[in-house]
Amino acid sequence: MSNAGSVTVRAPGKVNVQLVVGGRRTDGFHELANVFMAVSSYDDITVSPADRLRITVSGPGKERVPTNDSNLAAQAATLLGKHAGVEPGVHIHIDKRLPVAGGMAGGSADAAGALVACDALWGLGTEQHVLMSLAAELGSDVPFNLLGGTALGIGRGESLTRLPCPRTCHWVFAIAGFGLSTPEVYGAHERRRREAGLPFAAADMPTPQPSAALLEALAQGDTAGLAASISNDLEATATALRPELTRTLKAGQAAGALAGMLCGTGATMAFLATDRPEAERIAERLLASEACASAFVADGPVPGPTLA
């Protein structure tokens, strides 16, 4: 939506339906097979002309979102401006709904939303493949947050192939009262492998592959098959770092979820439900169990960032 010189974009978060973690590469990233699904929980990013680039934030967890040039949305505006020869004098306001440091790629969603919003504000009409290339410069998850839908990400997650998913999936997200940083979780995952005498370098490990059963379940709209196949290689590490996450996982399963797992690097837990009413009941039961700080329902897949 453009109003009095401003543009607002709704940018969805994501759930990692499957996250297979391979070895650490020489550039410090890990090889991944990452099956993404965009879900109907959004941050709203509003951009308007300003004399300089600045960031403001509202919503839950706003105090933990940087408002300097370390913010990915600010970096997105700067990068697009540099590419197009436009001075990035813009006020970016982020209305947060996605959890901060929660594994749903809120920061990456904001970056993807800022690319789309600034492109519209400046009337650039940048081609999608160019925006995708810029997104890959910003971070591993940003290309998928720009693409939306369902996709397989390989490499560090930025090389994407769209996946068919004809059936709507209903998810419950249990939000912890704390966050987990991506570097912390990956670092602990590697230490666990070292301590177990397992290889951790990409050169010494096979290239990660998604589950064939999971891809088939997605393509066939088979919710039961999907529930049997979802997984996250970082879950054991995250629950070792924060054992209370195990209680959340057990509470979701006891509440009737078909399956549950860590979302991304955490600390959010994602639970798959049979339908929307059942998802809402599971969310209510989770809250009543006091096993999480909050819970909400979202569906997927949904498109990437859209003008609001």
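Just so you know, all these numbers are worked out from the coordinates, no wet-lab data involved. This structure is a prediction, so every number in the text was calculated from the model and none was measured. A quick note on method: Cβ atoms are made from the backbone with ideal geometry, for glycine too, and the neighbour counts reach across all protein chains shown.
Given +1 on the Cβ of Lys and Arg, -1 on the Cβ of Asp and Glu, and no further charges, what dipole in debye does the chain carry about its Cα centre, rounded to the nearest 20?
The dipole magnitude comes to about 380 debye.
Let me see the P(r) profile for the chain: every Cα-Cα distance counted, bins of 10 Å, each bin given as a percent of all pairs.
Computed distribution, short to long bins: 7, 28, 34, 23, 7, 0, 0.
Comparing Ser159, Ser58, Ser140, which has the greatest mean-square fluctuation in the GNM of the chain with Cα pairs linked when under 10 Å apart?
Result: Ser58 has the largest fluctuation of those listed.
Under the rule a/c < 1.5 gives rounded, and otherwise a/b versus b/c splits prolate from oblate, where does region 164-308 land using the Cα gyration tensor?
It is oblate, given that a/c is not under 1.5 and a/b is not larger than b/c.
Obtain the nm distance between the two label points defined at Asp299 and Thr56 by a simple spin-label model: each point lies 7 Å from its Cα along the Cα-to-C-beta direction.
Output for this residue pair reads 3.4 nm.
State the Cα centre-to-centre distance between region 177-240 and region 29-88 in whole Å.
Centre-to-centre distance over Cα atoms comes out at 26 Å.
Within region 17-78, list the trypsin sites (Lys or Arg not before Pro) lying in a DSSP loop whose Cβ has at most 12 other Cβ atoms in a 10 Å radius.
When the trypsin sites (Lys or Arg not before Pro) of region 17-78 are filtered for loop state and at most 12 Cβ neighbours within 10 Å, Arg52 remain.
Can you give the local net charge around Arg156? Use residues other than it whose beta-carbon is closer than 10 angstrom to its beta-carbon, Lys and Arg +1, Asp and Glu -1.
-3
To check you understand DSSP bridge types, tell me what percent of the beta bridges within the chain (both residues inside) are antiparallel, rounded to 5. Working shown, then result.
On the way: 50 of 58 bridges.
Rounded to the nearest five, the antiparallel share is 85 percent.
In whole Hz and in residue order, list the ³J(HN,Hα) couplings for region 135-147 that follow from phi through the Karplus curve 6.51 cos²θ - 1.76 cosθ + 1.60, θ = phi - 60°; x for Gly and Pro.
4, 5, 5, 7, x, 5, 8, 4, x, 5, 4, 6, 6
Provide the FRET efficiency to the nearest 0.05 for the Asp69-Glu184 pair, computing r from the beta carbons and using R0 = 25 Å.
The computed FRET efficiency comes out at 0.65.
Counting other C-beta atoms within 10 Å, and keeping those with at most 15, which DSSP coil trypsin sites (Lys or Arg not before Pro) do you find in region 96-202?
Loop-located and lightly packed - Arg167.
Run the quick spin-label model on Ala254 and Asp275: label points 7 Å from Cα toward the beta carbon, then report their separation in nm to one decimal.
2.7
Which residue fluctuates the most in the chain, going by a Gaussian network model with Cα springs under 10 Å, if the choices are Leu98, Leu79, Leu124?
Greatest mean-square fluctuation among the candidates belongs to Leu124.
Grab the other residues whose beta carbon is less than 13 angstrom from that of Gln209, score K and R as +1, D and E as -1, and report the net. Display every interim value, and only then the final one.
Values: positive: none; negative: Glu31, Asp233.
Net of charged neighbours comes to -2.
Check each of the GluC sites (Glu not before Pro) in region 201-301 and keep only those in coil by DSSP with at most 16 other C-beta atoms within 10 angstrom; list them in order.
Numbers: sites: Glu216, Glu235, Glu244, Glu278, Glu280, Glu284, Glu290; in loops: Glu290.
Passing both the DSSP loop test and the Cβ count: Glu290.
How much of the DSSP bridge set in region 26-101 is antiparallel, in percent, rounded to the nearest 5?
Counting DSSP beta bridges with both partners in region 26-101, the antiparallel share is about 55 percent.
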